[in-house]
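See below for the structure under consideration.
The values are calculated or read from the model by the stated rules, or taken from the named source; none is laboratory data. The structure displayed is predicted, hence computed values, not measured ones. Positions of Cβ are backbone-derived with ideal geometry, glycine not excepted, and every protein chain shown enters the neighbour counts. Note: areas computed on protein heavy atoms with side chains; ligands, DNA, RNA excluded. Shrake-Rupley method; radii C 1.70, N 1.55, O 1.52, S 1.80 Å.
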Amino acid sequence: MNQTVRKAVFPVAGLGTRFLPATKALPKEMLPIVDRPLIQYAVDEAREAGIEEFIFVTGRAKTAIEDHFDRSYELERSLEDSGNFQSLDGVREWVPEPGQISYTRQQQPLGLGHAVWCARYSIGDEPFAVLLADDLILARPTCLKQMVEAYREVGGNLVAVEDVPKEETGKYGILDVLDEKGKLVRAGGLIEKPEPAKAPSTLSIVGRYILHPSILTELNKQERGTDDEIQLTDAMARSISATPLHGFRFEGTRYDCGNRLGYIEANLAYALDREDMKEDVVKIIKKYS
Ligand code: UTP
């Protein structure tokens, strides 16, 4: 099978309960980091990795995401009229071409595996990426770009991984490691959210995947796992003998923006990463420390 990755799925149908009340009417993925919503960072990352088709799996109360990736003629006109060309570029330049972006709805939030399965007709029969926008990764080149290159070598299913403190394994999918070569880790299995005593390692999956289309056949079974959800990790674990699974130790820093502290840290880190803001942000941090 051709190992080129042209399509990316963005599951954005979760309820975002850890961020209530902010996420009552606003999708979690529209929370801003400095001045761009989380989902825009994910789309930009995918584009830099060579992705040509962007498939969103949305749910109720997510229309802000569709509007964000559409042209806004009134706004553009008024920025043009006032000569604010810098802001005009800021709202226009990253909007995908017509037809590059598509939306499907996950009618019930039955889990990440189910969300990916909802995109099956748009994915078709080729490898595809999955990006979870609330896992924000500051990396150059971007995490997905690093993975796309590694995928040419290994194929199968590839997941971004990093070590987490032992006491936190219960929050992640954890790899059972067979062997390691450079940044690639061959997995013999994986377990969703194991308690620390039962975790086979501390190597956890973060929200970037490149998946073989056979995962969709596995997801067709609609089997429920941890938290009674249809888990993507379970589907990868069940198909591991037919479709090898590798972890990829990416270079970069991940911020878990699905929780409050991770989100605050990401805002600081991204502001400090910007030349136009760095000095002022350092002053603010000093003021409060
Ligand atoms: P999370 O586990 O972070 O769940 O989902 P959540 O609902 O977004 O947030 P909390 O835990 O209630 O605060 C990881 C990713 O998978 C998507 C979410 O939108 C998020 O990007 N997801 C999760 C779906 O699209 N559908 C689901 O059924 C579950």
**Fill in**
GLU66: passes all of (1) away from the ligand (no atom under 16 Å from the Cβ); (2) touching a strand residue (DSSP E or B) at 6+ places or on another chain (Cβ under 8 Å) but (1)
**Asked** Among the residues of region 229-242, is any out of contact with any Asp or Glu (no Cβ under 8 Å at 6 or more places or on another chain) and without any contact (Cβ under 8 Å) to a residue 12 or more places away in the chain?
**Response** yes
**Asked** In this structure, does LYS181 turn out to be of a type in the set (Lys, Arg), open to solvent by 50 Å² or more (accessible area, probe 1.4 Å) and within 16 Å of the ligand (Cβ to nearest atom)?
**Response** no
**Asked** Within region 83-112, restricting attention to residues that are open to solvent by 40 Å² or more (accessible area, probe 1.4 Å), closer than 30 Å to GLN231 by Cα and small (Gly, Ala, Ser), which residue is farthest from the ligand (Cβ to nearest atom)?
**Response** GLY99
**Message:** For the structure I just gave you, tell me whether GLU167 is more than 20 Å from the chain's Cα centre (by Cα), modelled with pLDDT under 95 and more than 16 Å from the ligand (Cβ to nearest atom).
**Reply:** no
**Request:** Please verify whether region 202-223 includes one or more residues that are without any contact (Cβ under 8 Å) to a residue 24 or more places away in the chain and within 16 Å of the ligand (Cβ to nearest atom).
**Result:** yes
**Asked** Regarding TYR121, is this residue within 16 Å of the ligand (Cβ to nearest atom) and of a type in the set (Phe, Trp, Tyr)?
**Response** no
**Request:** Among residues belonging to region 11-39 that are among the small types (Gly, Ala, Ser) and more than 15 Å from the chain's Cα centre (by Cα), point out the one that is nearest to the ligand (Cβ to nearest atom).
**Result:** ALA22
**Complete:** Filter region 20-37 for residues that are hydrophobic (A, V, I, L, M, F, W, C) and out of contact with any Pro (no Cβ under 8 Å at 6 or more places or on another chain); the one that is least open to solvent (accessible area, probe 1.4 Å) is ILE33
